[in-house]
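Encoded as structure tokens, the structure appears first; notes follow it.
The values are calculated or read from the model by the stated rules, or taken from the named source; none is laboratory data. Since this is a predicted model, take the numbers as computed values, not measurements. All accessible areas refer to the heavy atoms of the entire protein, side chains included, with ligands and DNA or RNA removed. Shrake-Rupley method; radii C 1.70, N 1.55, O 1.52, S 1.80 Å.
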Amino acid sequence: MPSPADALPILDVDGLSVRLGKMDQNIVDNVSFTLAPGQTLCVVGESGCGKSLTALALMGLLQSPPLSISGGTARLGGEDLLSMQPADFREIRGGRMAMIFQEPMTSLNPGLRIGEQIAESVRRHKGVSRAAARNRALEMLRRVRIPAPEKRLDEYPHQLSGGMRQRAMIAMALANDPELLIADEPTTALDVTIQAQILDLMRVLQSETGAAMIMITHDLGVVAEMADKVAVMYGGHIVEAGSVERIFTDPQHPYTIGLMSSMPSLGRRQDRLVTVPGVVPQPGAMPKGCRFATRCPFRTEACETVPVLRPCGEGHEVACIHAPLENLAARDLRETGT
Ligand SMILES: Nc1ncnc2c1ncn2[C@@H]1O[C@H](COP(=O)(O)OP(=O)(O)O)[C@@H](O)[C@H]1O
Ligand code: SF4
Ligand SMILES: [Mg+2]
């Protein structure tokens, strides 16, 4: 599938950093990417790598204190989200941008009927009549393929199955035609069949609406299904970014290579690194230079300098001092004389 052009990004994130309390090290550090209308960026990495905090920062939903934005800009069609006042954020959240979560009850109100809550959001953002908003709610339940939508409209969230609640949350997120949809592990809690249906649905709705999407996942299967572009996160940094083709066929960062190899059906370069041993260090306890150094089989003293993302092929960037690793392997061979 050709990916929509990068020419005019709807979202331009530059140097986004998030701080925890007074900690010296940013917990999300210098994250940059762009996203064009209709494009899907998958943000992938193990648990604790800063994926959710990146999303919450963009949505103005960081828990503050202890978390705060410590740098960067994030322009949604020209407006900087990171310097936006809470009142302005409430205007665009659920309107121009919306988020869906792993747990639908994060955004659904248990005390309101499904139809009422979607209609209320439509009235707030579009200022239409009650009847028009209710019609829009019904249309949305149809579009997310909830059976018997007229009946579901008047039900409470607890009366729906997990998969149906997920659909209702998607209906609510898309009710105001957002330009940007952020989905944080939206199918992780669902069984495999329902997961495939929800991903399918999201793809269809995205192509109908032309929304840009950030899909957060720790599942490379989801990445393969959904992504145009991929950003691999480790320890609050983007360590590798590129088109889905590049990331799957020619991963360059030792962490990405490790992730790929731990997924047998997609595994590449299995001869090099079979899994990623060890765990993500706690915030504040990251190594000084490359944050992956505690787990990296290729580290040298040079890795005590923070690696920055640099191009490594068309539409592909990597933040590893030693990439491409072929160079390191060749040097080792020369030095050992083997
Ligand atoms: N409200 C918070 N207070 C303190 N630490 C937090 C908070 N939220 C997240 N963290 C920490 O920030 C790091 C990144 O978290 P998160 O973005 O949720 O990771 P991911 O979504 O990639 O699993 C983790 O170490 C997590 O424990
Ligand atoms: S910079 Fe060094 S420690 Fe970091 S991934 Fe590259 S080789 Fe490993
Ligand atoms: Mg998360």
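Here are the numbers:
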read-out: Most mobile of 100, 92, 182 in a GNM of the chain (Cα contacts under 10 Å); value: 92
read-out: Percent carbon-and-sulfur accessible area, the chain, ignoring ligands, DNA and RNA, probe 1.4 Å; value: 53
read-out: Computed helical MRE - 222 nm, the chain, DSSP H runs ≥ 4 contributing -39500 (n - 2.57), nearest 500; value: -9500 deg cm²/dmol
read-out: Relative intensity, log₁₀ I(q)/I(0), of the chain from a Debye sum that treats every alpha carbon as a point, q = 0.09, 0.14 Å⁻¹; value: -0.50, -1.12
read-out: Links that overshoot a 27 Å alpha carbon limit, given the list 51/229; 22/288; 51/151; 126/151; 126/229; value: 51/151; 126/229
read-out: Whole-number accessible area per residue in Å² for the chain, which is evaluated in the context of all protein chains at 1.4 Å; value: 46
read-out: Using alpha carbons only: equivalent-ellipsoid semi-axes of the stretch 114-266, gyration tensor based, whole Å; value: 35, 16, 12
read-out: Translational diffusion of the stretch 97-177, µm² s⁻¹ [Kirkwood Rh, Cα pairs; Stokes-Einstein; 25 °C; 0.890 mPa s]; value: 202
